[in-house]
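Following: one structure in C-alpha cells, then a few remarks.
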Amino acid sequence: MAGSTPGTPPRTTTTGTAAADPVKARLRKRLYRARRTLRRTGVDYFRGDAADWLAFAVLLLMVPLLVALNVWIPAWIPPTALVLPILAGALLLRPGSLVLLYAAAALGLSAESVIHTGERVASSRPEAYVFGVTPGAALVVGAVGVAGLLVAQFRSRVGVPWRGGGSMLFDLRERLRVQSRVPDLPQGWHADMALRPAGGQSFSGDFVVAARTGPGRRVLEAVLADVSGKGMDAGSRALLLSGAFGGLLGSLPPHDFLPAANGYLLRQEWEEGFATAVHLALDLDTGEYELLSAGHLPGMQRLAGAGRWEIKESQEGPLLGIYDGAKFEGVRGRLGPGDVLMLCTDGMVEAPGRDLSEGMDRLMGEADRLVAGAHLGAGSRGAAGRLIETVAKDINDDRAVLLLWRD
C-alpha cells in the first residue's frame, strides 16, 4: 500500500468506532455506578441505616391520592382509608417524618370533610347524602396514628428497624438450630436429635451442642442443656450459652467442661441465670462413654443383648450458675452393637400430677417401641421427633431429645 512503511500494519479508518467506544464505556461506567448506588441504598434501607425520604415521599403522595379517590368514589374509598399510609409510616418512617405524614393526613381528612359537607349542602336531598367524615372515622384515624407513633418511637429507642428485626430474629433462630446439629459420625454410628419449643414458639430454652474432639476426632462430645425460663427470654440466653458451650467443647478436658460452663454462667449475673446440663464424652472406637450431670435428668441406655433399658444415673451435680467451685461427678458406660443411648430434657418426662420416674418409664417404653423395636440404622432418623410427638406433644414446656446408637 502506498505511503505505508514496510513491516507495519496498514492504517484503517476507525474514527466512528473510536468515537463510539468512549461513549459506550462512559455509559457502562455510569450504569455500573447507578446499579451499585441503588443496591447499596436498598441494603442500607433494609438494615435501617438509610434515610427514609423515599418511603416518606411515596406515603405522602398516597394521602392526596386517597383524598381524591374518596371524593370520586366515596362508596369504595372511605375516609378511614387514610390509616393505610399511617400504618405503613409507623413501620417505615422515623418519628420526625411520621409526624409530618400525620399532618398531611389530618389536612387530607379535613379536606374530605369540607368537600363532602359542601356536596351535602348543594344536594337536592341533603338528608339522603350518606358520605362524609364522621366523628367515628376521625377517631379511628387518630387512634391508629397514636398507636403508630408509639410503635415508631419504640423502634427508634430499641434501634432495630422492622425491616431488619424479622430477619434478625430469623437469623438467631437459624443459628441456634445450626449449632444444635450433631456432626457426621463414622460408619456404624448414628445420631438423631429433635427440639420443640414450648407453646409452638420459635425459640427454645433447650439446646444441644456437639463436636468431634480428641486425637483424630475420634471422641464425640455433646452437651444437652436446659436454660431456665421459656420463650424469647430463654431462647436468647440459650443462643448465648450454646455459642459459649460450643467454644468450650474440645478446648478443655471433659471433666473441666461443666466447671468452666458454671463459671461462665456466674459471670453473666442474670436474674434467672441457672441451667441444667448433661455432658457426654463418647469414644467412637470402643463405644465407651462418660456422662457428667449438672442437675440434669440421667441418661437412659437400652442394652440390645438384655432387651431392657438401664438408667445411667450418677451423683447429681448442682445446677449451673448457682455457686462457684461446684463439683460434678460422672458415670461410665459402654455402647455395644445395637445399643441406644437417650438423653432428654425434663419437658419430656414432667407433667402435673405425674411422678418423674413414671414419666421416664413411659418415655423408655415408647422409645423401645419407636426406636429399639425397629431396625436400627440410618433409616431410623426422625425417631427423636416422633418420640416427642408421641410422649410430650401437648406439654407446654421446651422439649429436646438426643438419640445415639450403633449398628
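A few points about this structure:
- Segment Glu119-Glu366, length gained on full extension (0.36 nm per residue, minus Cα span): 81.4 nm
- Compared with the alpha-carbon gap, the fully stretched path from Val99 to Ser156 is longer by 19.1 nm at 0.36 nm per residue.
- Cα-based shape type of segment 114-154, given that a ≥ b ≥ c are square roots of the gyration tensor eigenvalues and the cut on a/c is 1.5: prolate
- Distance between the C-alpha centres of segment 179-249 and segment 311-365: 16 Å, rounded to the whole angstrom.
- Whole-number percent relative contact order across segment 251-368, with pairs defined as alpha carbons under 8 Å at least 6 apart: 25
- Couplings 3J(HN,Hα) of segment 80-97, computed from phi: 5, 4, 5, 5, 5, x, 5, 5, 4, x, 4, 8, 10, 9, 7, x, x, 5 Hz, in residue order, whole Hz [Karplus 6.51 cos²θ - 1.76 cosθ + 1.60, θ = phi - 60°; x for Gly and Pro].
- Computed over protein heavy atoms with a 1.4 Å probe, the carbon and sulfur contribution to the accessible area of segment 272-359 reaches 46%.
- Extension gain, Arg35 to Trp72: 0.36 nm times the residue separation minus the Cα-Cα distance gives 9.4 nm.
- Portion, in percent, of the accessible area of segment 180-244 that falls on carbon or sulfur, probe 1.4 Å: 51
The values are calculated or read from the model by the stated rules, or taken from the named source; none is laboratory data. In this text, all values refer to a predicted model and were calculated from it rather than measured experimentally. Note: areas computed on protein heavy atoms with side chains; ligands, DNA, RNA excluded. Shrake-Rupley method; radii C 1.70, N 1.55, O 1.52, S 1.80 Å.
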